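Right, one structure below, let's go through it.
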Amino acid sequence: MTTSTARVAPIVPRGPGPDAHRRRAARRRAVRPWVLLAPTLVVLAVLLLWPLVRVVDLSFQDFGLRELVSGESNYIGWANYAAILGDSYLWTVVLPNTVGFAACCVVLTVGLGTLVALFLNILGTFWKTVCSTAIMVAWAVPAVTGTYVWIWLFDPLNGLVASVLAGLGIIEPGTVNWYTGRLGFYAIATLNVVHHGFPFVAITVLAGLLTVPKELYEAATMDGAGAWRRFWQITAPMLKPVFAVVTILSTIWDFKVFTQIYLMPGGNGGNAEVFNLGVWSYIQSFAQGKYGMGSAIAVLLTGILLVITVVYMRTLFKEEDL
């Protein structure tokens, strides 16, 4: 009796198909940028995210010197925010100072920077380099140094402005103090901030102007368009993203101005009529030891900046979709 044994072909494991390789390659490409960004994101989280979380946490506490020493927490919910929003000082002094000062500074900084950029754009290479370097000196000067220069210029006794006006017979020497009045104080602060901020706008807008084809201006000139019409119909539309960036950055910087206000006479606590949100937060926290209240003011300032930025960006994107 003969038996036959059937041969079974061995099962060879099949490797992953081309689709699996493509999926893995796609996953690697998606992950690779995050791997490269990971160190920076970790640093930002440590330096920015954690302090922000801590400030928000303190804003819900009655946190003073006793809690700072003991390390205890004293949560009081929304009481700090209720006290701030219910204080007439916020609505009559601090918020108008902050918003009005920032609005004036943004308009003047962007406007002056744009005019300077247009002027630089018509210069030759040599003078353009010289003038650009000169105006960048104002931006390179630290805010502390620049503030003390403006304080000296408007010093009531020995300042240059007071001396010139007294020499012309307009004022009596030593009789006018511009720092005691709210309007005079912020007029000097505005000059200081605009002087320090316009070089950034000028150089940024100039870089954008260099990308606009000169043929567009030549064609517009042949059609009889003047300088004003060329600006609004060619320059402004072409540089809308540039203007958006400088406007948003100027708004953020000018809303949270601290050094230029705090260092001026009366700005460090001597004159409560000139506080903005940044200085008010600092005074509450470090001068009066109310860290919870100061943190709540800082969170309020951050929220206002976020709302302004989001509204501006949404408006800009809607205009681009039209």
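The values are calculated or read from the model by the stated rules, or taken from the named source; none is laboratory data. Note that the coordinates shown come from a computational prediction; the quantities given were computed from them, not determined experimentally. Don't worry about glycine lacking a Cβ; one is built from the backbone with ideal geometry, like all the others, and counts go over all protein chains shown. For the accessible areas, the whole protein counts, side chains as well, though only heavy atoms, and no ligand, DNA or RNA atoms are used. Shrake-Rupley method; radii C 1.70, N 1.55, O 1.52, S 1.80 Å.
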Exercise for review: Looking only at the stretch 172-194, count how many residues are over 17 Å from Asn276 (Cβ atoms), touching a helix residue (DSSP H, G or I) at 6+ places or on another chain (Cβ under 6 Å) and open to solvent by 70 Å² or more (accessible area, probe 1.4 Å).
Suggested key: 1
Review point. Filter the stretch 121-137 for residues that are surrounded by 15 or more Cβ atoms within 10 Å (Cβ to Cβ) and not polar (S, T, N, Q); which is farthest from Ala189 (Cα to Cα)?
Key: Lys128
Point to revise | Filter pass, Val279 being open to solvent by less than 20 Å² (accessible area, probe 1.4 Å), among the β-branched types (Val, Ile, Thr) and in contact (Cβ under 8 Å) with a residue 40 or more places away in the chain | key: no
Review point. Residues Ala219, Ala225: which one is under 27 Å from Phe119 (Cα atoms) and assigned to a helix (DSSP H, G or I)?
Key: Ala219
Review point. Among the candidates Trp232, Trp280, which residue alone is under 22 Å from Val201 (Cα atoms) and assigned to a helix (DSSP H, G or I)?
Key: Trp232
Point to revise | Residues within the stretch 53-75 that are open to solvent by 90 Å² or more (accessible area, probe 1.4 Å) and either closer than 20 Å to Leu300 by Cβ or part of a helix (DSSP H, G or I) (or both), tallied | key: 6
Review point. Do any helices (runs of 4 or more DSSP H) lying entirely in the stretch 125-215 carry at least 2 residues that are more than 27 Å from the chain's Cα centre (by Cα), and which ones are they?
Key: 125-140, 160-167
Exercise for review: Quick one: count up the residues across the stretch 138-185 that are of a type outside the set (A, V, I, L, M, F, W, C) and more than 14 Å from Gly266 (Cα to Cα).
Suggested key: 12
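Here is a yes/no grid of residues against (1) crowded, with 18+ Cβ neighbours inside 10 Å; (2) part of a loop (DSSP other than H, G, I, E, B):
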position: Ala236; (1), (2): no, no
position: Thr251; (1), (2): yes, no
position: Asp254; (1), (2): yes, no
position: Asn268; (1), (2): no, yes
